[in-house]
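Participant: Sending over a structure as structure tokens; questions will come in a sec.
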Amino acid sequence: MKAFRLDELEAERAANDGAYLQFLRERNMSVGLYALDAGDHDPQNPHNQDEVYFVVSGRASITVGLETTQVARGSVVYVPAGVAHKFHHISEDLRVLVVFSPAEG
């Protein structure tokens, strides 16, 4: 079993001075913590993998392809591989669990 604590992952991500921390990688999936603070710009480009976002905390909008929706704690968003997507109008610090399938990179 592999088990993780969100507060420890957030501390590790912050200590590494990055917006993204991959903390689990298996053959068919990878999982990471993505952080954008209020007012930040999301620099993402489309990925070669399907993704699922689970918003742990914060508020923002996300545009996937031509569709836009509001997200907040508890929101789940699916992003198909190759589709342009970005968080924007981040009004509260955003912390998101990201699941890639197959594993990213």
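Participant: Under 19 Å from the 7 Å Cα→Cβ point of Leu24, by amide nitrogen: which residues of segment 51-94?
Facilitator: Counting only backbone N, you get 51-57, 74-79.
Participant: How long are the three semi-axes of the equivalent ellipsoid for the chain, computed from the Cα gyration tensor as the root of 5 times each eigenvalue, in whole Å, largest first?
Facilitator: Largest first, the chain gives 20, 18, 12 Å.
Participant: In Å, the Kirkwood hydrodynamic radius of segment 8-62 over pairs of distinct alpha carbons?
Facilitator: When all Cα pairs of segment 8-62 are included, the Kirkwood radius is 12.8 Å.
Participant: Could you give the distance between the Cα centres of segment 34-53 and segment 63-80, to the whole Å?
Facilitator: 11
Participant: Additional query: Between Ala15, Ala60, Ala38, which gets the highest mean-square fluctuation from a Gaussian network model of the chain, Cα cutoff 10 Å?
Facilitator: Of Ala15, Ala60, Ala38, the Gaussian network model singles out Ala15 as fluctuating most.
Participant: Tell me the trypsin sites (Lys or Arg not before Pro) within segment 1-89 that lie in a loop according to DSSP and have at most 10 other beta-carbon atoms within 10 Å.
Facilitator: When the trypsin sites (Lys or Arg not before Pro) of segment 1-89 are filtered for loop state and at most 10 Cβ neighbours within 10 Å, Lys2, Arg5, Arg27 remain.
Participant: Per DSSP H run of at least 4 residues, take -39500 (n - 2.57); add these up for the chain, divide by its residues and hand me the 222 nm value, nearest 500 deg cm²/dmol.
Facilitator: -3000 deg cm²/dmol
Participant: Would you mind working out the magnitude of the charge dipole of the chain relative to its Cα centre, with +1 at each Lys and Arg C-beta and -1 at each Asp and Glu C-beta, to the nearest 20 Debye?
Facilitator: 260
Any read-out appearing in this document is the output of simple, stated calculations on the displayed coordinates, not a laboratory observation. Just so we're clear, the structure is a prediction, and the values are computed from it rather than from any experiment. Ideal geometry is used to build each Cβ from the backbone, glycine not excepted, and the neighbour counts take in all protein chains shown.
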